[in-house]
Amino acid sequence: MALEPSRESSGSLADVVDRILDKGLVINADIAVSVAGVELLGIRIRAALASFETAAKYGLEFPSGTELQTPAWDEALSAKEHCPQCEKVLPAEELITTGCPWCGWISAKARQSNPGLTTSV
């Protein structure tokens with residue numbers, strides 16, 4: 001049986017942009033124009049494309065004047081985890097202590113602290 005290449009057709013531009021912003025994209029280039037071994041022009045290009053959350057996670061510098069002391073920044077910098085059932089991204093503390101509000105998944109720790117909880121799926 002031969003393996004055939006396949007492509008998922010369910011992906012969209014929004015999925016691609018979301019993935020790039022989630023993982024980040026860095027372009028790093030050095031261009032030099034030389035004549036007879038003498039460098040006449042040198043250009044260094046450094047560009048990063050990422051969400052603010054991803055950029056902060058990897059320690060990228062932000063433009064001067066960026067206000068970093070806001071509730072949105074505090075929330076963006078909090079640890080996040082994927083729900084093991086529905087893959088939604090949630091604050092890790094919320095996921096561990098109470099479970100996933102999207103699909104009803106409940107962590108073992110939440111079940112221990114409240115034995116009456118049941119998974120709603």
Can you confirm whether the stretch 81-102 contains a residue that is assigned to a loop (DSSP other than H, G, I, E, B), at pLDDT 85 or above, in contact with a Gly (Cβ under 7 Å, 6 or more places away or on another chain) and among the hydrophobic types (A, V, I, L, M, F, W, C)?
-> no
The correct count of residues that are surrounded by 13 or more Cβ atoms within 10 Å (Cβ to Cβ) and either among the β-branched types (Val, Ile, Thr) or not in a loop (DSSP other than H, G, I, E, B) (or both) in the stretch 47-80 is 12
Failed condition for Asp74, given (1) touching a helix residue (DSSP H, G or I) at 6+ places or on another chain (Cβ under 9 Å); (2) under 23 Å from Tyr58 (Cβ atoms) | (1)
Being closer than 17 Å to Asp22 by Cα, in contact with a Phe, Trp or Tyr (Cβ under 7 Å, 6 or more places away or on another chain) and not assigned by TED's automatic domain parsing to the domain that holds Val26, is that true of even one residue in the stretch 95-115?
-> no
Looking at (1) under 30 Å from Asn114 (Cβ atoms); (2) in contact with a strand residue (DSSP E or B) (Cβ under 9 Å, 6 or more places away or on another chain), find the lone condition where Ala47 falls short.
-> (1)
First in the stretch 39-50 and under 10 Å from Val26 (Cα atoms) and in the same structural domain as Lys23 (by TED's automatic domain parsing), second anywhere and assigned to a strand (DSSP E or B) and β-branched (Val, Ile, Thr), Cβ under 7 Å, 6 or more apart | Ala47/Ile27; Ala48/Val26
Leu90 passes all but one of the listed conditions (1) outside the structural domain of Arg111 (by TED's automatic domain parsing); (2) hydrophobic (A, V, I, L, M, F, W, C); (3) out of contact with any helix residue (DSSP H, G or I) (no Cβ under 7 Å at 6 or more places or on another chain); (4) surrounded by 12 or more Cβ atoms within 10 Å (Cβ to Cβ); the exception is number (1)
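The values are calculated or read from the model by the stated rules, or taken from the named source; none is laboratory data. Treat the numbers as computed from the prediction; the structure is a model and nothing was measured. Positions of Cβ are generated from backbone atoms using ideal geometry, with glycine treated the same way; all protein chains shown enter the neighbour counts.
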